[in-house]
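Notes for the one structure printed next.
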There are 2 protein chains.
Amino acid sequence: MKRLRSTISGQVFPFERIEEFAGNGESLEVAADGLAGARVRQGRRLWERFADFLPVVIDDEISLGEGSTPLLPAGKALSTFTGIARLLLKNETMNPTWSFKDRGSLTSIAMARQMGEPVTATISTGNMGHSMAAYGARAGIRAVVFVPRYAPAEKIRAMAIHGATVVRVTAPDYSMMKREILGLASGLNLRVVSGNGPIRAEGYKLAAFEMYEQLEGHVPDFIAVPTSACGHIRGLFKGYRELMEAGLTGRLPRMIVVQAANVNPLVSAIREGRDRIVPVTGKETVAEAITSGDPPGGAEILLKARHFGWLAEDVTEEEILDAQRRLAGAGYFVEPAAATSLAAVGKLRAAGKIRQDDSVVLMLTGSGLKDMSVFARQGVEVVESDLRSIRGDVEKILASSPPGGVY
Amino acid sequence: MKRLRSTISGQVFPFERIEEFAGNGESLEVAADGLAGARVRQGRRLWERFADFLPVVIDDEISLGEGSTPLLPAGKALSTFTGIARLLLKNETMNPTWSFKDRGSLTSIAMARQMGEPVTATISTGNMGHSMAAYGARAGIRAVVFVPRYAPAEKIRAMAIHGATVVRVTAPDYSMMKREILGLASGLNLRVVSGNGPIRAEGYKLAAFEMYEQLEGHVPDFIAVPTSACGHIRGLFKGYRELMEAGLTGRLPRMIVVQAANVNPLVSAIREGRDRIVPVTGKETVAEAITSGDPPGGAEILLKARHFGWLAEDVTEEEILDAQRRLAGAGYFVEPAAATSLAAVGKLRAAGKIRQDDSVVLMLTGSGLKDMSVFARQGVEVVESDLRSIRGDVEKILASSPPGGVY
């Protein structure tokens, strides 16, 4: 029998409980009971092979073919830059809406279908809203996305074209808007899916299972995750815990919590050994996908970081833009939030917290196309030419080395 | 021994010939000799399993994990719209640079490595330049991309961040620029990769092999391909021909050549039974990825269309934007060029050229994020709300049906 369990107090709730947090702000997770007999089954789809580990039924009618994303060696330049020989990139930008969010939307929508919900809602300015809009469209479940007044028109368009109902809310600030919506939603029996919800984490878990297959059972030493609402990092870790509980692996990876230095409530708390978040307000970062200053799953992450020896690192704006260029210079064009991990593991290696021969996975969370405005801050060199000068220009290019060396 | 062969005259050329066209403008292809003994091998990667069919050596050092893209039923709404029950979507937007071009860039870069070329060049304003820049970065081969003066700054940035050398050429028109570059390149021993090149087609072939696996040997009745330079459609078809020559399948799919009505040199020639292209000049379309008015591989396509009974259809600007909305309404946000196929197969079905129970694959060639400017032409409905009115607004939404029905 499926149940939800508080990740802090261990208190148990019914699976159908639609609110996503215990009354005291503790994040819930699906209790992984009875995994002793779980095994990997035959099947073309990841969710078929790992059905024993999933609390919801998934099929092709609601899937957009998320996952099957590559896990590849980062290449010489990035290994040299970070000082990590076994650096691997998990390219989650190759998902249906080009971010990791799709894995969580799959299980969210599966749950909505299972509960018979005709409408599902979320509060988002970006990747999550877009992803839920697409999965709602696929499953024929109406998606309602609440966005703040200042949400960029392009993000709104990307949700609206999928047929989502976009509600633009004028409010003094984001957290007041959120509190108001969550308050009225429970009265209206409307489930508002959060980035840290227990059902979303079940989707992120699937990326762990996929990596387990791709590395043929090997568990990486570290997995670095750009972290905001916490759903992604806790889902990945839950996946590895369940693999171990099922007897499929013998150890756990150590997670690396990565944030922008400008908005680093988790990293600063872990670094200072605190067991509570001090919310960060009024700060911005180019890594706009990870700007939650008061992450809902924070308490759980602090607890786990201490218990399991996770690492944490934050990175400056300059380090983020530099890392975005370096990843592109190795073939991967990612949004700034996704680039934070590269900078972070380089710093942790330099500090001796990661060894040269540790295997380290970076989760590339979202496509560079998602944020062309920040991208405009990257310098561009162009050779200007015309039909008269082009032969000379090309000869000069062929005789020169590419600018910059590494990138 | 590998050879190139003219697709028109059958004349044979050495494999190492770096020019991509026979002197008389005939497009070349890699001769598929000795496929009788070819078979599907074991391996995690598609290019390992189909190595018998590939003229170049591929490995993880140059791959960005392209392919493994989903092939899924389009769903009820799109089947109803087109009148085609077995409508399948091949989502090539889930590639490393979010378009089908990556498969061709993989083999292009493999060839460059095999030839020991330190530099590879292309002429492009969009997806192809971006893809070649990324693959050049991955393989450590310098990419030079020639773009016309009017190329959008964002497209140039997406190439430049990968470290490509972007040469912006002022010239009276695109074809003069192209002629000049191709002329000087052969003298400088610089290979300029074209969208219709024989080595690129070997990459697109891999999508056919992937679909062969995904459909467990079933060959679809039709495959609809938005067509510009012709490399994609001929590569896919070549893949299916080789599967048949190797005895793995018993028949060929019929290809559907899809173009925008505004720039339709191929479709108009096929429709009128001509064996020559009449170039289209001075016309534009929202489907900017398929604007070649004088496609280099045109003669081959006309010949094959007649010989193999291919279909052809063109679609208006309004039909393209409508199809983009409908695909998004089913979960797939694609660029306008990719949406043309949906509109086209609906028209062909209405004309009785496709039957209700034929299996039809639409190639979704590129991500909707690739072209947010056209996207701005799609209307957006937003519900404006504030903290005072939000409860009433949400109640109204929950009581109403989603606008538009199908999408």
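Condition first: assigned to a loop (DSSP other than H, G, I, E, B), crowded, with 24+ Cβ neighbours inside 10 Å and hydroxyl-bearing (S, T, Y). Can you find one or more residues in the range A:358-367 that meet it? Looking for residues that are assigned to a loop (DSSP other than H, G, I, E, B), crowded, with 24+ Cβ neighbours inside 10 Å and hydroxyl-bearing (S, T, Y), one finds at least one in the range A:358-367, hence yes.
Whether any residue in the range B:321-332 is within 14 Å of chain A (Cβ to nearest Cβ), of a type in the set (F, W, Y) and touching a residue at least 40 places away in the same chain (Cβ under 8 Å) is what I want to check. Don't jump to the end; show me each part of the working.
If we filter the range B:321-332 for residues that are within 14 Å of chain A (Cβ to nearest Cβ), which is where we start, we get B:321-332.
Then keep just the ones that are of a type in the set (F, W, Y); that gives B:332.
Next, only the ones that are touching a residue at least 40 places away in the same chain (Cβ under 8 Å) stay: B:332.
Yes: the range B:321-332 contains one or more residues that are within 14 Å of chain A (Cβ to nearest Cβ), of a type in the set (F, W, Y) and touching a residue at least 40 places away in the same chain (Cβ under 8 Å).
Among the residues of the range A:179-194 satisfying the criterion of being of a type in the set (D, E, K, R) and within 11 Å of chain B (Cβ to nearest Cβ), which is nearest to the chain's Cα centre (by Cα)? If we take residues in the range A:179-194 being of a type in the set (D, E, K, R) and within 11 Å of chain B (Cβ to nearest Cβ), then A:R179 is nearest to the chain's Cα centre (by Cα). So which of B:L252, B:L266 is buried (at least 19 other Cβ atoms within 10 Å of the Cβ), modelled with pLDDT of 95 or more, under 19 Å from B:I354 (Cβ atoms) and out of contact with any Asp or Glu (no Cβ under 8 Å at 6 or more places or on another chain)? Going through B:L252, B:L266 in turn, just one is buried (at least 19 other Cβ atoms within 10 Å of the Cβ), modelled with pLDDT of 95 or more, under 19 Å from B:I354 (Cβ atoms) and out of contact with any Asp or Glu (no Cβ under 8 Å at 6 or more places or on another chain): B:L266.
Can you tell me which residues in the range A:37-59 are assigned to a loop (DSSP other than H, G, I, E, B) and surrounded by 16 or more Cβ atoms within 10 Å (Cβ to Cβ)? So that I can check it myself, show each step before the final result.
Of all residues in the range A:37-59, those assigned to a loop (DSSP other than H, G, I, E, B) come to A:37-45, A:50, A:54-59.
Hits for the range A:37-59 are A:A38, A:V40, A:R45, A:F50, A:L54, A:P55, A:V56, A:I58.
Among the listed residues A:G34, A:G65, identify the single one that is surrounded by fewer than 17 Cβ atoms within 10 Å (Cβ to Cβ) and either free of Cβ contacts under 8 Å to residues at least 60 places away in the same chain or assigned to a loop (DSSP other than H, G, I, E, B) (or both).
Details: A:G65 fails: surrounded by fewer than 17 Cβ atoms within 10 Å (Cβ to Cβ).
Exactly one of A:G34, A:G65 is surrounded by fewer than 17 Cβ atoms within 10 Å (Cβ to Cβ) and either free of Cβ contacts under 8 Å to residues at least 60 places away in the same chain or assigned to a loop (DSSP other than H, G, I, E, B) (or both), namely A:G34.
Here B:S175 passes the criteria (1) out of contact with any Phe, Trp or Tyr (no Cβ under 7 Å at 6 or more places or on another chain); (2) at the interface with chain A (Cβ under 7 Å from one of its Cβ atoms); (3) small (G, A, S) except the one numbered (2).
Could you list, in sequence order, all residues of the range B:125-157 that are in contact (Cβ under 8 Å) with a residue 40 or more places away in the chain, under 20 Å from A:S385 (Cα atoms) and either out of contact with any strand residue (DSSP E or B) (no Cβ under 6 Å at 6 or more places or on another chain) or among the small types (G, A, S) (or both)? Hits for the range B:125-157 are B:G126, B:P152.
Scan the range B:152-172 for residues that are of a type in the set (G, A, S) and either facing chain A (nearest Cβ under 7 Å) or in contact with a Gly (Cβ under 8 Å, 6 or more places away or on another chain) (or both) and jot them down. Hits for the range B:152-172 are B:A158, B:A160, B:G163, B:A164, B:A171. Among the residues here, A:V193 does not qualify as in contact with a strand residue (DSSP E or B) (Cβ under 9 Å, 6 or more places away or on another chain), at pLDDT 95 or above and surrounded by 24 or more Cβ atoms within 10 Å (Cβ to Cβ). One residue stands out among those in the range B:75-126 that are assigned to a strand (DSSP E or B), more than 10 Å from chain A (Cβ to nearest Cβ) and out of contact with any helix residue (DSSP H, G or I) (no Cβ under 7 Å at 6 or more places or on another chain): the one that is farthest from B:L54 (Cα to Cα), which is B:R86.
Given B:K370, B:K347, which one is without any contact (Cβ under 8 Å) to a residue 60 or more places away in the chain, charged (D, E, K, R) and either closer than 14 Å to B:I256 by Cα or within 14 Å of another protein chain (Cβ to nearest Cβ) (or both)?
B:K347
From the list B:E335, B:E381, the lone residue that is closer than 28 Å to A:N189 by Cβ and either within 14 Å of another protein chain (Cβ to nearest Cβ) or touching a His at 6+ places or on another chain (Cβ under 9 Å) (or both) is B:E381.
Can you confirm whether B:V383 is free of Cβ contacts under 8 Å to residues at least 60 places away in the same chain and surrounded by fewer than 23 Cβ atoms within 10 Å (Cβ to Cβ)? Outline the logic, then answer.
Values: free of Cβ contacts under 8 Å to residues at least 60 places away in the same chain: yes; surrounded by fewer than 23 Cβ atoms within 10 Å (Cβ to Cβ): yes.
Taking the combined requirement at face value, the residue satisfies it.
Going through (1) facing another protein chain (nearest Cβ under 10 Å); (2) out of contact with any helix residue (DSSP H, G or I) (no Cβ under 6 Å at 6 or more places or on another chain) one by one, A:F146 falls short only on (2).
The values are calculated or read from the model by the stated rules, or taken from the named source; none is laboratory data. All values derive from a computational prediction rather than experimental measurement. Counting neighbours? That spans all protein chains shown, and the Cβs are built from the backbone with ideal geometry, glycine included.
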